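The values are calculated or read from the model by the stated rules, or taken from the named source; none is laboratory data. Everything numeric here is computed off the predicted structure, so don't read it as measured data. Please note: Cβ atoms are built from the backbone with ideal geometry, for glycine as well, and neighbour counts cover all protein chains shown.
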Amino acid sequence: MQTLAQNMMVMNVIPPASHSTSASYIHTGALTRFINMKNYAHVDFIINMGTTLEATAQFSLYQAKAPGVSVTNSSISTTALSVQEYWTNKASVNGPFVRTAATSDVVAVDATNSATYIVGINATALNGTSDYDCVGIGVVSATISTTCFFQVTAILSGARYEKDPLPTAKA
């Protein structure tokens, strides 16, 4: 635990709850929850699904310029970042994680209860020439209902400045 706490930043991005399409992390063109990557090299998003009846829920990663947390902020990219693969244990929720090819840059979540999905991205994948320095995760499926219980945790690694405590990553 000491290694995780001292070498990586763990953030609760989307708190565990029953979520719906009216929630603020549903990506409707330019809306998601963002993490500032200025001080980190990599982030892994861990999507923990609880009870879900959704057969087509999808998550995508987006970039923004700090602060990048306002719906009206024109600095949020509406184009999903390239995601080639993600890991999931949906075949056996108590079993090993399996590498899964991403289709159309999304993490596809199905109706498997208690499944976990992990998708990561390097800070170098952000468009530096346009000064993007934040990455966020958003639900791109418009069919998330209140029967969908999930949470998203981010684990940031490769801190630019190692210190105790680690630098903040909140956008």
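Before moving on, here are some points about what is shown:
- Unmet requirement for Ala66, which otherwise passes all of (1) modelled with pLDDT of 75 or more; (2) under 22 Å from Met8 (Cβ atoms); (3) surrounded by 15 or more Cβ atoms within 10 Å (Cβ to Cβ): (1)
- Summed over segment 82-107, the residues that are more than 21 Å from Thr124 (Cβ to Cβ), assigned to a loop (DSSP other than H, G, I, E, B) and hydroxyl-bearing (Ser, Thr, Tyr) give a count of 2.
- Residue that is farthest from Val43 (Cα to Cα) [pool: residues in segment 132-148 that are assigned to a loop (DSSP other than H, G, I, E, B) and modelled with pLDDT of 80 or more]: Tyr132
- For segment 76-93, the candidate set comprises residues that are at pLDDT below 80 and surrounded by fewer than 17 Cβ atoms within 10 Å (Cβ to Cβ); within that set, the residue that is farthest from the chain's Cα centre (by Cα) is Val93.
- Hey, Ala17 part of a loop (DSSP other than H, G, I, E, B), within 16 Å of Val152 (Cβ to Cβ) and at pLDDT 65 or above or not: no
- Residue selection: Ser60 fails the criterion of being closer than 19 Å to Thr116 by Cα, outside any loop (DSSP other than H, G, I, E, B), at pLDDT below 85 and among the hydroxyl-bearing types (Ser, Thr, Tyr).
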